[in-house]
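**Student:** Structure incoming, see below.
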Amino acid sequence: MKLSELAAHSGVSTTTLKHWMRVGIMPAGRLKNATTAVYEQRHVDRARLIVVMRDVYGASTATIRTLTDLIDTEGASPLEIMNACQAFALGTPADLAADPAYVQYRERSHELMRRRDWRGYPGAAERGLAHALSQAAEVGLDYDVETLMEYADALEPFAARNVAALGPDGSPDVVARRMLLAVNARASQLVAVSSLAHAAASIRAAIERGVAPPDLAMPPAVGGA
């Protein structure tokens, strides 16, 4: 396909596509002659991946290139790409593993993994959990391993289903894009459910104290607006 066709298929302007090629996050096309290059489905897949990283995650060109360079590395395994996607999505500090301030939180994540026989060390997800535990502790939410086990009890069945639903099919760019969108969707859903639960707990407490009416903030009846 021509560059104009690549732009139409990917929803990205030709000017932007040329810029991505210049900075090395989009592979160049195959030269048809001295003045014309042709493009393939892999270029469409890469453009759509970059759009997700740029628009959904607000990533810089340098950050995007960290992932695209790995994808373009010959012999890169699906697990390596998955780990890189998790690191990208979680935004975990790269030097966390060497920071003594995180030792206690990493040990909690490791203990959780040991108890559940979860594999993934060393990896972006276990470092991401340590980072999240540290952030929670700063606002007074100091989660111990037993609490983490309760979360894991609820989440583990969903993880197996999500992995099966996403599947391994497609080019590395397609798999990475699908994974990044799924991580963002899961995070948004979990935050929304958690926020709803916390709002309900606050309203329930107000009703029990007698400072709010018993029918406050009830959802509409079945079939209601």
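The values are calculated or read from the model by the stated rules, or taken from the named source; none is laboratory data. Because the structure is a prediction, the values reported are computed rather than measured. No Cβ is skipped: glycine too gets one built from the backbone with ideal geometry, and neighbour counts run over all protein chains shown.
**Student:** Looking at E107, E80, E126 in this structure, which one is without any contact (Cβ under 8 Å) to a residue 60 or more places away in the chain and more than 16 Å from the chain's Cα centre (by Cα)?
**Tutor:** Going through E107, E80, E126 in turn, just one is without any contact (Cβ under 8 Å) to a residue 60 or more places away in the chain and more than 16 Å from the chain's Cα centre (by Cα): E107.
**Student:** A further question follows. Please name all residue pairs, on different chains or six or more residues apart, with Cβ atoms under 6 Å, provided the first residue is in the range 140-153 and is over 14 Å from E107 (Cα atoms) and the second residue is modelled with pLDDT of 95 or more and surrounded by 10 or more Cβ atoms within 10 Å (Cβ to Cβ).
**Tutor:** What qualifies is A152/R116.
**Student:** Does the range 20-48 hold any residues that are outside any loop (DSSP other than H, G, I, E, B) and either basic (K, R) or touching a Ser or Thr at 6+ places or on another chain (Cβ under 9 Å) (or both), and which are they?
**Tutor:** The answer is W20, R22, V23, R30, Q41, R42, H43, V44, D45, R46, A47, R48.
**Student:** For residues that are among the aliphatic types (A, V, I, L, M) and part of a helix (DSSP H, G or I), scanning just the range 73-96, find the one that is nearest to N162 (Cα to Cα).
**Tutor:** So, considering only residues that are among the aliphatic types (A, V, I, L, M) and part of a helix (DSSP H, G or I), the one nearest to N162 (Cα to Cα) is M82.
**Student:** Something else now. Against the condition at pLDDT 90 or above, surrounded by 18 or more Cβ atoms within 10 Å (Cβ to Cβ) and out of contact with any Ser or Thr (no Cβ under 8 Å at 6 or more places or on another chain), how does I81 come out, does it pass?
**Tutor:** yes
**Student:** While we're here: When the residues of the range 1-19 are narrowed to those that are of a type outside the set (A, V, I, L, M, F, W, C), part of a helix (DSSP H, G or I) and within 12 Å of R48 (Cβ to Cβ), which ends up farthest from the chain's Cα centre (by Cα)?
**Tutor:** Ranking the candidates gives H9 first.
**Student:** If you take the residues in the range 34-55 that are more than 14 Å from L3 (Cα to Cα) and exposed (fewer than 15 other Cβ atoms within 10 Å of the Cβ), which one is farthest from the chain's Cα centre (by Cα)?
**Tutor:** Checking each candidate, the answer is A34.
**Student:** Considering only the range 106-154, state which residues are among the charged types (D, E, K, R) and in a loop (DSSP other than H, G, I, E, B).
**Tutor:** D117, R119, D142, D144
**Student:** Inside the range 5-53, can you point out the residues that are at pLDDT 95 or above and of a type in the set (S, T, Y)?
**Tutor:** Of everything in the range 5-53, those that are at pLDDT 95 or above and of a type in the set (S, T, Y) turn out to be S10, S13, T14, T15, T16, Y39.
**Student:** Okay, next question. Considering I64, I71, which residue is in contact with a helix residue (DSSP H, G or I) (Cβ under 8 Å, 6 or more places away or on another chain), among the hydrophobic types (A, V, I, L, M, F, W, C) and free of Cβ contacts under 8 Å to residues at least 60 places away in the same chain?
**Tutor:** I64 is the lone residue from the list that is in contact with a helix residue (DSSP H, G or I) (Cβ under 8 Å, 6 or more places away or on another chain), among the hydrophobic types (A, V, I, L, M, F, W, C) and free of Cβ contacts under 8 Å to residues at least 60 places away in the same chain.
**Student:** Looking at the range 97-131 only, could you name the residues that are over 20 Å from A160 (Cβ atoms), in contact with a Ser or Thr (Cβ under 9 Å, 6 or more places away or on another chain) and buried (at least 16 other Cβ atoms within 10 Å of the Cβ)?
**Tutor:** Within the range 97-131, Y102, Y105, R127, A130, H131 qualify.
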